[in-house]
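For reference, the structure is listed below as structure tokens.
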Amino acid sequence: MIPIRSRVVAVLLGVAMSPSDPLHAATLGVVAAENMYADVVAQLAGPDVAVVSVLNNPAQDPHLFEVNAATVMRVAGAGLVVYNGAEYDPWMTKLLSATPGIDRRVIVAADLARKSAGDNPHFWYDPTFMPVMANAIAAALIDRDPDARAAYEARLKVFDEATAPLTAKVAAMRAKYSGVPVTATEPVFDYMARAIGLQMRNPAFQLAVMNDTEPSARDVAAFEDDLKNHKVRALLFNIQAASPLSRRMQQIAEEAKVPVVEISETEPPGMHYQDWIAAELDALDVALSGSRP
Ligand SMILES: [Zn+2]
């Protein structure tokens, strides 16, 4: 097992590494399709585990991602693969079935969320979901490396403690904003909006942006009407899955003085999951507290 793991890390890092290298002997290569899951793995796995994410470019729309040779290599060499599922990253399902017979664990977020194709795939924006994901990741890490169980369990406790303020923030916002109407350019924030109790408008428009198709003229007109006539208290603008049409809505919102809250699809570089979500919740809180129906 140990030489295989070292070779995996060597492939992942693109460096020559001796299988007997004591520093890396116990490492386990992990590939996460999305960088927020990679971040959770890294928080739980600690410094000895190499974690690579595939979708980590803040300028890239993950819905339009296409696999390259480096991704194929990484997935083929990983001992643990984490991905979203529900047709969010269908390329990963294909890569895994193209490299059968490898001794690896696979964690699919959609399975844990009990969702499938056709459901909103942005599970990481459900504040109750990431702790479930963290539990499954910790269990997989312990399974691969039982000697380090205590360390993984300790890190899981730290993760849960660091995530608890998000739950408190969502509850506080729910008390203030339950029933408040908002709209969004793309459904990335939908699970979080529901957790806060917001009334989300224009779902058909959002789905069209997500699927890179054209919303109907009626849906576009209804969206514009919501902004121009202040039927919503904020526009959640997905900066990463933007289209010319969603940018036009951003502009209309700004002209109508409807607050625009920027939401990113994947984790911004240099942030952890907890800080990222907290920053977006804070921005939404400021926007809603300052806006009037
Ligand atoms: Zn999306």
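Coordinate-derived values only; no laboratory data. Keep in mind the model is a prediction, meaning the values are calculated, not measured. All Cβ positions, even for glycine, are placed from backbone atoms using ideal geometry, and neighbour counts span all protein chains on display.
Tell me the angle of helix 217-228 to the major Cα principal axis of the chain, expressed in degrees between 0 and 90 and rounded to the nearest ten.
Tilt of helix 217-228: around 70 degrees.
Taking the Cβ-Cβ separation of Leu245 and Asp103 as r and a Förster radius of 45 Å, what is the calculated FRET efficiency to the nearest 0.05?
The computed FRET efficiency comes out at 0.45.
Would you mind checking the tilt of helix 273-290 against the longest principal axis of the Cα atoms of the chain, expressed as 0 to 90 degrees and rounded to 10?
In the chain, helix 273-290 runs at an angle near 10 degrees to the longest axis.
In nm, to one decimal, how far is the Arg201 label point from the Lys176 one, both placed 7 Å along Cα→Cβ?
Label at Arg201, label at Lys176, 2.1 nm between them.
To the nearest 10 degrees, how steeply does helix 129-144 sit against the main Cα axis of the chain, on a 0 to 90 scale?
Roughly 10 degrees between the two axes.
Quick one: Kirkwood hydrodynamic radius for the chain, alpha-carbon pairs, angstrom, one decimal?
Result for the chain stands at 20.2 Å.
Write down the Å³ per residue value for the convex hull defined by the alpha carbon atoms of the range 124-169.
Roughly 49 Å³ of hull volume per residue.
Please state the charge dipole magnitude for the chain, taken about the Cα centre, from unit charges on C-beta atoms (+1 on K and R, -1 on D and E), reported in debye and rounded to the nearest 20.
380 debye
Considering only Leu166, Pro203, Pro187, whose Cα is most displaced toward the positive end of the charge dipole of the range 128-210, charges sitting on Cβ of Lys, Arg (+1) and Asp, Glu (-1)?
Final value for the positive-end residue is Pro203.
Near the amide H of Glu267, under 5 Å away, which other amide H atoms are found, from residues 5 or more places off or on another chain, if H is placed in the peptide plane?
Asn35, Met36
How big is the range 62-155 along each principal axis, measuring the range of its Cα positions in Å and listing the largest first?
39, 32, 18
Could you tell me the number of lysine pairs in the chain with C-alpha atoms less than 21 Å from each other, where the two lysines are 8 or more residues apart or belong to different chains?
So the count of such lysine pairs works out to 5.
Counting Lys and Arg as +1 and Asp and Glu as -1, what is the net charge of the other residues whose Cβ lies under 11 Å from the Cβ of Pro187?
-3
Under a GNM of the chain (C-alpha, springs under 10 Å), which listed residue has the highest mean-square fluctuation: Pro187, Pro62, Pro244?
Pro244
Work through the residues other than Ala109 whose Cβ is under 13 Å from its Cβ and net out their charges, Lys, Arg +1 and Asp, Glu -1.
-4
Based solely on its DSSP helices, what 222 nm [θ] is calculated for the chain when runs of n ≥ 4 H residues each add -39,500 (n - 2.57) and the sum is averaged over all residues, nearest 500 deg cm²/dmol?
Here the helix-only value at 222 nm equals -16000 deg cm²/dmol.
If you plug each phi of the range 57-70 into the Karplus form 6.51 cos²θ - 1.76 cosθ + 1.60 with θ = phi - 60°, what whole-Hz ³J(HN,Hα) values come out, in order, with x for Gly and Pro?
Coupling constants for the range 57-70: 9, x, 8, 9, 7, x, 5, 10, 5, 10, 5, 10, 4, 5 Hz.
For the pair Asp111 and Ala150, what calculated FRET efficiency results from E = 1/(1 + (r/R0)^6), where r is the Cβ-Cβ distance and R0 = 45 Å, to the nearest 0.05?
Computed FRET efficiency for Ala150 and Asp111: 0.95.
Just the number, please: Stokes-Einstein D of the range 178-290 in µm²/s, Kirkwood Rh from C-alpha pairs, 10 °C, 1.306 mPa s.
Stokes-Einstein gives a translational diffusion coefficient of 113 µm²/s.
With a sphere of radius 12 Å drawn around the Cβ of Leu141, what net charge do the other residues whose Cβ falls strictly inside it have (Lys, Arg +1; Asp, Glu -1)?
-1
What residue among Val220, Val67, Val261 has the largest mean-square fluctuation in a Gaussian network model of the chain, using Cα springs under 10 Å?
Val67
Hey, can you grab everything whose amide H is under 5 Å from the amide H of Arg201? Only 5+ residues off in sequence or another chain; H modelled, so Pro and N-termini drop out.
Distant-sequence amide H within range of Arg201: Val182, Thr183, Ala184.
Rank these for me by crowding, Ile239, Ile137, going from fewest to most other beta carbons within 10 Å.
Sorted ascending by nearby Cβ count, the order is Ile239, Ile137.
Starting from the range 234-293, pick out the trypsin sites (Lys or Arg not before Pro) whose DSSP state is loop and whose Cβ has at most 11 other Cβ atoms within 10 Å.
Lys257
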